[in-house]
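Scroll down for the structure; my scribbles are underneath it.
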Amino acid sequence: MNKQSIADTLHGFVLRYRHEHSTGTRWRTPLVGFAAADDPLFIELKRVVSPTHALPNDLLRTARTVVSFFIPLAESIAGSNIPGTLASREWALAYLETNALIDAAALHTKRLIESKGHAVELTMPTHNFDSRKLVSDWSHRHIAFIAGLGRFGLNNMLITGSGCCGRLGSFVTSLELASDPRPGGEACLFRHDGSCRRCALRCVGDALFPDRFQRHNCHEMCLRNEEAHRCLGKADVCGKCLVDVPCAFTDPVKQRKIKAEQRHADGLQPPKMP
Ligand code: SF4
Ligand code: SF4
């Protein structure tokens, strides 16, 4: 199997899943990234995330590649979560259904890769974190960063080419595949030039500020939503800082550059002063 066939397998599975399972949630096209299991950045995660953060070889002794994938939510799901303080029912349901989708998509791909004679070890899509420190021993966001899927935003999410409204999954395999390059520059407008900060302004939990993140306040808010949507399952989410923001569905820095280039090409750009 090669990178394209793994990406095609995940794409096809996501497309079929919504019809086969009649989900309330709709998804956009997944993005897939690949990292070498011995990329030195994995060891850095023990410093950046947690000393107990696992290495790919802790999960699978023969690991050669880490496969990371991002499943973006449909814009209507994000739209439902814009008003109010509590997460919308659609948003909470999307969290649960997307986690189930990630599990199923990873398992399907695992079986396919295994049928070609390679080993695969899956990881949980969520709730793999220390409930006291609230840090993960397998951070999908950091794994996705290493696999070149995006850059971190002020809202602590990975801003991919399809934005940050979605969920991440990953698995490790003994199959050796070329790693993807990490994008240069920033994707978050605040990190790029100090502008925007919209995610911090939208925070409903007194948790997100331009200069700090109060992890426990954010967790409190997520637990309030879990309680409010208890009939759906364990939906400890919030996501108000991911919706109605410029990075919800796209990389806003890249979009801004594309627009500037278009304006320049159209001759609309004001001439530069000498
Ligand atoms: S809303 Fe603005 S400041 Fe916040 S992560 Fe997105 S681009 Fe960055
Ligand atoms: S998830 Fe909610 S509480 Fe947490 S930072 Fe975002 S808006 Fe604030």
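The values are calculated or read from the model by the stated rules, or taken from the named source; none is laboratory data. Everything quoted here is computed from the prediction, not taken from an experiment. We place every Cβ from the backbone using ideal geometry, glycine too, and count neighbours over all the protein chains shown. Surface accessibility is based on the protein's heavy atoms, side chains included, excluding ligands, DNA and RNA. Shrake-Rupley method; radii C 1.70, N 1.55, O 1.52, S 1.80 Å.
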Q. Roughly how many Å² of ARG111 are accessible to a 1.4 Å probe, to the nearest 10?
A. 150
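Can you tell me how much longer the chain between GLU176 and CYS231 gets when fully stretched, taken as 0.36 nm per residue apart minus their C-alpha distance, in nm with one decimal?
15.5 nm
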Q: Would you mind getting the accessible area per residue of the chain, heavy atoms of the protein chains only, 1.4 Å probe, in Å²?
A: 50
Q: Using every Cα-Cα pair within the range 1-43, state what percent have a distance larger than 11 Å.
A: 71
Q) Accessible surface of ARG89 in the full protein assembly, 1.4 angstrom probe, to the nearest 10 Å²? A) 130
Q. Between LYS46 and ILE82, what length in nm is gained on full extension when 0.36 nm per residue of separation is reduced by their alpha carbon distance?
A. 9.5 nm
Q. Whose amide H sits under 5 Å from the amide H of GLY163, counting only residues 5 or more places off or on another chain, with H placed in the peptide plane?
A. THR250, ASP251
Q | Approximate shape of the range 174-274 as ellipsoid semi-axes (Cα gyration tensor, √5λ), whole Å, largest first | A | 36, 21, 14
(Q) If I model a spin label at ILE258 and ASP193 as a point 7 Å from the Cα along the Cα→Cβ vector, what separation in nanometres do I get? (A) 1.8
**Q.** Carbon + sulfur, % of accessible area of the chain - ligands and nucleic acids excluded, 1.4 Å
**A.** 53
Q. Working out 0.36 nm times the residue gap between ASP206 and LYS116, then minus their Cα-Cα distance, what length gain in nm do you get to one decimal?
A. 27.4 nm
Q) Karplus couplings for the range 202-218 from phi (6.51 cos²θ - 1.76 cosθ + 1.60, θ = phi - 60°), rounded to Hz, Gly and Pro as x? A) 7, 4, 9, x, 6, 10, 10, 9, x, 10, 6, 10, 8, 4, 5, 5, 4
Q: Please work out whether the range 75-127 counts as rounded, prolate or oblate from its C-alpha gyration tensor, where a ≥ b ≥ c are the square roots of the eigenvalues and a/c under 1.5 means rounded, while otherwise a/b larger than b/c means prolate and anything else oblate?
A: prolate
Q) Tell me, what is the 1.4 Å probe accessible area of GLU114, in Å² to the nearest 10? A) 70
Q. Could you give me the ³J(HN,Hα) list for the range 17-22, computed from phi with Karplus coefficients 6.51, -1.76, 1.60 and θ = phi - 60°, whole Hz, x at Gly and Pro?
A. 4, 5, 6, 5, 10, 6
Q) Once phi is turned into ³J(HN,Hα) by the Karplus curve 6.51 cos²θ - 1.76 cosθ + 1.60 with θ = phi - 60°, what whole-Hz value does each residue of the range 165-180 show in order, with x for glycine and proline? A) 7, x, 10, 10, x, 7, 8, 10, 9, 7, 5, 8, 9, 5, 7, 8
Q | Residue-count net charge about ILE258 - beta-carbon cut-off 13 Å; Lys, Arg +1, Asp, Glu -1 | A | +2
Q: From largest accessible area down, sort HIS229, HIS192, HIS11; use a 1.4 Å probe on the protein chains.
A: HIS192, HIS11, HIS229
Q. Over the chain, what is the relative contact order in whole percent, taking alpha-carbon pairs under 8 Å and six or more residues apart?
A. 22
**Q.** DSSP beta bridges in the chain [antiparallel fraction, %, rounded to 5]
**A.** 100
Q. Which cross-chain or sequence-distant (5 or more) residues have an amide H under 5 Å from the amide H of ALA74, H modelled 1.01 Å from N in plane?
A. ARG26, TRP27, ARG28
Q) THR65's amide H: which non-local residues (gap 5+, or another chain) put their own amide H closer than 5 Å, with H modeled 1.01 Å from N in plane and none for Pro or chain starts? A) ALA37, THR173, LEU175
**Q.** Pairs of Cα atoms farther than 30 Å apart, the chain, %
**A.** 30
